Amino acid sequence: MHNTGSDMIAELETKGVSRRDFVKVCTIAAGAVGLPAWAGEKMAETVETAKRKPSVIWLHFQECTGCTESLLRTSHPDLGALILDLISVDYHETLAAAAGYQIEKSLEDATRENKGKYVLVVEGAIPVKENGIYCRVAGKTAVETVKRYAADAAAVIAIGSCASWGGVPSASPNPTGASGVSAVLGRTVLTLPGCPANPYNLLGTVLQYATFGTLPKLDEKGRPEFAYKRVIHDDCPRRAHFDNGRFAKQFGDEGHRQGWCLYQLGCKGPQTHANCSLLDYCETPGAWPIGIGHPCVGCTEQGIGFNVPIGVNLPIERPTAPMAYPGIHPEHGVVSASPVAVGVGGAVIGALVGAAVVASKKLSAEDSRKE
Ligand code: SF4
């Protein structure tokens, strides 16, 4: 049964999130994606007036399920519960109890009942080689499946590096022809690379999507600029060591133990567009590769992650950041990862569908303008 937006707010209140907290976090999130302060109030209204829980169809292809895991296994236990309470996840293979004909029927039923309204989230790469012998499920090839369910979706989101452009399964020699969703559909889809993608990038995107029917400004690869405009090196906490020539030379040496720059251990931070250095994973400070002493492998960057060996140094094209510090309206979005934000995340995702229809049309319009 679908809940209304006011039910969602009531549900949040039972979890200790007041409306005042709710509006406050919406305002912070609006700022994170570069919207003015009044947009936060509007976001709150959107959630409260939502008529029903939205339908989300989540497809898996070639991947490790890490994006789902990172979404549901946050250190704050309410996130997974809230999302599952507040949206209607009508099809998700990892979470489904059903199997075989039963789950195939649930997919058909969900897409028929929500035709043109559901959000299709794709996790995993699509194998395109050998006439679809890889990843064939219920007699359908992966290409047929993604095309079929994307056709009736209000919006398509590619989550993680595998769905973005192949990720791990596309590593040379890429025996299955693992490809990203945009490449397979032949059009731009909203793309959130990362291995796994940071769930708060999904939240920041969805907030704008749900409220205004617009997408955050995307780059030429479909990535929201608020999260992917700057390279990790620009905002890295080890940057001062790089600028002062203090480098770890071996794992475990004095420089490594002192927290010096990891460039000489193969760090790809200078070439990798992502906001990992600004947005904690699973609300755990320092829980990202460079934070725990491992060089960035470039997982969010097409052609670097899973293509360039970890220990190989790439040349630095831009030795200094374009500006030492982000401006007052930062290009990176920083969505509060507080428990309140967590609650709001579930609620706002719950308001997604109506706006997603509009946003999807805008994407199509943008595509046709490009053509
Ligand atoms: Fe940080 Fe890597 Fe840049 Fe060093 S090279 S400052 S570790 S991003």
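The values are calculated or read from the model by the stated rules, or taken from the named source; none is laboratory data. As the structure is a prediction and not an experimental result, all values here were calculated from the model. Every residue, glycine among them, receives a Cβ derived from its backbone with ideal geometry; neighbour counts consider all protein chains shown. The accessibility values were calculated without ligands, DNA or RNA, using every heavy atom of the protein model including side chains. Shrake-Rupley method; radii C 1.70, N 1.55, O 1.52, S 1.80 Å.
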Subset of segment 243-281 [within 11 Å of the ligand (Cβ to nearest atom) and of a type in the set (A, V, I, L, M)]: Ala248, Leu262, Leu265, Ala274
Considering residues of segment 283-294 that are under 19 Å from Tyr228 (Cα atoms) and not in a loop (DSSP other than H, G, I, E, B) only, the residue farthest from the ligand (Cβ to nearest atom): Gly291
Considering only segment 111-127, I want to know if a residue exists there that is under 14 Å from the mean Cα position of the chain (by Cα) and of a type in the set (Asp, Glu). yes
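This table checks each residue for (1) open to solvent by less than 10 Å² (accessible area, probe 1.4 Å); (2) in the same structural domain as Gly305 (by TED's automatic domain parsing); (3) farther than 19 Å from Val297 by Cα; (4) small (Gly, Ala, Ser).
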site	(1), (2), (3), (4)
Gly167	yes, no, no, yes
Ala171	no, no, no, yes
Pro175	no, no, yes, no
Ser182	no, no, yes, yes
Gly186	no, no, yes, yes
Tyr200	yes, no, yes, no
Gln208	no, no, yes, no
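Given the residues Ala197, Ala155, Ala171, which is the only one that is among the hydrophobic types (A, V, I, L, M, F, W, C) and more than 15 Å from the chain's Cα centre (by Cα)? Walk me through how you get there before you give the answer.
On the way: Ala197 fails: more than 15 Å from the chain's Cα centre (by Cα); Ala155 fails: more than 15 Å from the chain's Cα centre (by Cα).
When all the criteria are applied, what remains is Ala171.
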For segment 305-330, what are the residues that are at pLDDT 90 or above and surrounded by 18 or more Cβ atoms within 10 Å (Cβ to Cβ)? Gly305, Phe306
Residue list for segment 22-72, restricted to those being of a type in the set (Val, Ile, Thr), outside any strand (DSSP E or B) and modelled with pLDDT of 75 or more: Thr65, Thr68
Is it the case that some residue within segment 218-237 is open to solvent by less than 50 Å² (accessible area, probe 1.4 Å), in a loop (DSSP other than H, G, I, E, B), without any contact (Cβ under 8 Å) to a residue 40 or more places away in the chain and within 8 Å of the ligand (Cβ to nearest atom)? no
Those residues of segment 262-275 which are surrounded by fewer than 24 Cβ atoms within 10 Å (Cβ to Cβ) and not aliphatic (A, V, I, L, M), in sequence order: Tyr263, Gln264, Gly266, Pro270, Gln271, Thr272, His273
Filtered residues of segment 134-152 (kept if in contact (Cβ under 8 Å) with a residue 24 or more places away in the chain and within 19 Å of Lys105 (Cβ to Cβ)): Ala138, Thr145, Tyr149, Asp152
When residues of segment 188-198 are limited to those that are assigned to a loop (DSSP other than H, G, I, E, B) and among the β-branched types (Val, Ile, Thr), the one surrounded by the fewest Cβ atoms within 10 Å (Cβ to Cβ): Thr188
With (1) near the ligand (Cβ under 9 Å from one of its atoms); (2) over 19 Å from Asp219 (Cα atoms); (3) at pLDDT 95 or above; (4) under 21 Å from the mean Cα position of the chain (by Cα) as the list, and Val297 as the residue in question, which single condition is left unmet? (1)
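For every residue, the table says whether it meets (1) under 28 Å from Cys195 (Cα atoms); (2) among the hydroxyl-bearing types (Ser, Thr, Tyr); (3) open to solvent by 40 Å² or more (accessible area, probe 1.4 Å).
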{"residue": "His92", "(1), (2), (3)": "yes, no, no"}
{"residue": "Ala99", "(1), (2), (3)": "yes, no, yes"}
{"residue": "Ile103", "(1), (2), (3)": "yes, no, no"}
{"residue": "Asp109", "(1), (2), (3)": "no, no, no"}
{"residue": "Glu113", "(1), (2), (3)": "no, no, yes"}
{"residue": "Ile126", "(1), (2), (3)": "yes, no, no"}
{"residue": "Glu130", "(1), (2), (3)": "yes, no, yes"}
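May I ask you to list the residues in segment 120-131 that are touching a strand residue (DSSP E or B) at 6+ places or on another chain (Cβ under 8 Å) and over 9 Å from Phe61 (Cβ atoms)? Walk me through it before giving the result.
Going residue by residue through segment 120-131, those that are touching a strand residue (DSSP E or B) at 6+ places or on another chain (Cβ under 8 Å) are 120-128.
Listed by number, the residues that qualify are Leu120, Val121, Val128.
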